[in-house]
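Working notes for the structure below.
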Amino acid sequence: MTRSALRRWFLVHKWTSLVCTVVLLVLCVTGAPLVFRDELNDLLDDALPYASVPAGTPKLSLDRLVEASRALYPGETIISVFSDPHEPKIIVFMAQSWEQFRANRRAIHSIRFDAHTGQVLKQTKPFNQDGMTFPNLMLQIHRDLFAGLAGELFLAAMALVFVVAIVSGIAVYGPFMRKLDFGTVRADRSRRLKWLDLHNMIGVVTLAWALVVGATGVINELSTPLFALWQQTDVRAMLDTMRRQPTAATSELSSPQAALETVQAKLPDMVATSVVFPGSPFGSPYHYVVWTKGKEPLTSRLFSPVLVDAQSGAFVAVVAMPWYLRALEVSRPLHFGDYGGTPLKVIWLLLDLATILVLGSGLYLWLSRGTSSIVEAADELALSGQAAE
Amino acid sequence: MNALRSNAAIWRWPAVLAAVTVAGLFSALLGQTGAWLVLSWLLLAVPLMVIAWCWLSRLREL
């Protein structure tokens, strides 16, 4: 590498790192508990336990639980129903009205039923009035710094800058190591030299993981605009071809349980997990949207919405998901590390801590740079590098 | 010790570790069961062990 090229890479590494380090430290600190989000939520959950029932007890019909929910909250609107494929629980989401839900997506509350007995296990307040749990607080900081879409886009940009910092770090690593063996930590000279070596060693060892988590972080932060894009293009085009009679009144709706069963029968390789009611801004005015996912390890990450006519109950179509939403779906597990059991989560946490060390040591190296500028250091390295060629 | 290293010498271990990491990430994602999960844990533990070894072996020398 020429002297001026190395100098440029050094400046790129320095400035991209300075721009993103503080934000990245916030993301690493809030990300650590998020790796164990499921465990923390279970721990904090105050729901009643599931009834113990004989093996093979069938789940209740969604229709019955929808009726029970309407009886509990007369006049309210059902938004969607989620049936857990792994646990005997069915959750009904309700809001005052579709108008209110459109105005504030968090103005919904949920009722959790025991899928075998129909007993109410837990009810929440509307999400916008409910106190925030610790995992949700961490998630909100991690996702958007309480700044909504602007925060998501800002963090997407920061994650992208982080990726550039890693790439420029790779470029300057080589010249640094001309005279050193891999993994050398010179702990016997100055503190700064020791932390420089640790920064380089931990940085290069965790390189691939940090790149994957950084790049999938960028994609995750773009989920709001990506979903909006899909709805305004593919979904709208599909619904436009179906524009017709006025929408069905609640009393005219076909059975949601039948909608689920119709989809299940038509798509035996998929698992139907939830039913979104007609009228949702995330659905269709005329259809139930039944969300399905695959049964294989990878396809269980890939969701496909299926339209069922909300009056006749007839199967209508599977809505094709575009490549960018498939990429988003695969990015989620690779970002959160929640796809390989508890040992993988522990590894994720330790790699997160290693990243905190790289960020912190980088900051320390910059703060303790003293009189010798980083450009001079680059020049010195370039000279030793040239001598090697 | 002071001889200048070639690019191949410098990048040998970082490249191996990157390959091990990627293999570990995808073994859990595409496998998701039994042996594939254990393989992913073992592979992804390698970078952590390398960090611990490099760091601790220097401390012991002091």
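The table that follows gives values for the structure above.
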read-out: Residue count for the stretch A:47-79, restricted to those that are surrounded by fewer than 18 Cβ atoms within 10 Å (Cβ to Cβ) and within 18 Å of A:Phe277 (Cβ to Cβ); value: 12
read-out: Some residue of the stretch A:51-59 being of a type outside the set (Val, Ile, Thr) and touching a strand residue (DSSP E or B) at 6+ places or on another chain (Cβ under 8 Å); value: yes
read-out: Near pairs, Cβ below 9 angstrom, 6+ apart or cross-chain, from the stretch A:50-61 (within 15 Å of A:Phe113 (Cα to Cα) and at pLDDT 90 or above) to any residue that is surrounded by 13 or more Cβ atoms within 10 Å (Cβ to Cβ) and basic (Lys, Arg); value: A:Tyr50/A:Lys89
read-out: Condition check for B:Leu30: surrounded by 15 or more Cβ atoms within 10 Å (Cβ to Cβ), within 8 Å of another protein chain (Cβ to nearest Cβ), free of Cβ contacts under 8 Å to residues at least 12 places away in the same chain and under 30 Å from A:Arg301 (Cα atoms); value: no
read-out: Lone qualifier among A:Phe82, A:Phe93 - being in contact (Cβ under 8 Å) with a residue 60 or more places away in the chain, touching a Ser or Thr at 6+ places or on another chain (Cβ under 6 Å), outside any helix (DSSP H, G or I) and surrounded by 15 or more Cβ atoms within 10 Å (Cβ to Cβ); value: A:Phe82
read-out: Residues being crowded, with 16+ Cβ neighbours inside 10 Å and among the aliphatic types (A, V, I, L, M) - total across the stretch B:1-21; value: 4
read-out: Residue pairs meeting the criteria (Cβ under 6 Å; at least 6 apart or on separate chains; first more than 8 Å from chain B (Cβ to nearest Cβ), in the stretch A:167-183; second surrounded by fewer than 19 Cβ atoms within 10 Å (Cβ to Cβ) and outside any loop (DSSP other than H, G, I, E, B)); value: A:Ser168/A:Val12
read-out: Filter pass, A:Val213 being within 14 Å of chain B (Cβ to nearest Cβ) and surrounded by 15 or more Cβ atoms within 10 Å (Cβ to Cβ); value: yes
read-out: Checking A:Arg332 against (1) surrounded by fewer than 17 Cβ atoms within 10 Å (Cβ to Cβ); (2) within 13 Å of chain B (Cβ to nearest Cβ); (3) without any contact (Cβ under 8 Å) to a residue 12 or more places away in the chain, the condition it does not meet; value: (3)
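The values are calculated or read from the model by the stated rules, or taken from the named source; none is laboratory data. No experiment lies behind these values; they were computed from the predicted model shown. Quick reminder, even Gly has a Cβ in these numbers, built from the backbone with ideal geometry, and neighbours come from all protein chains shown.
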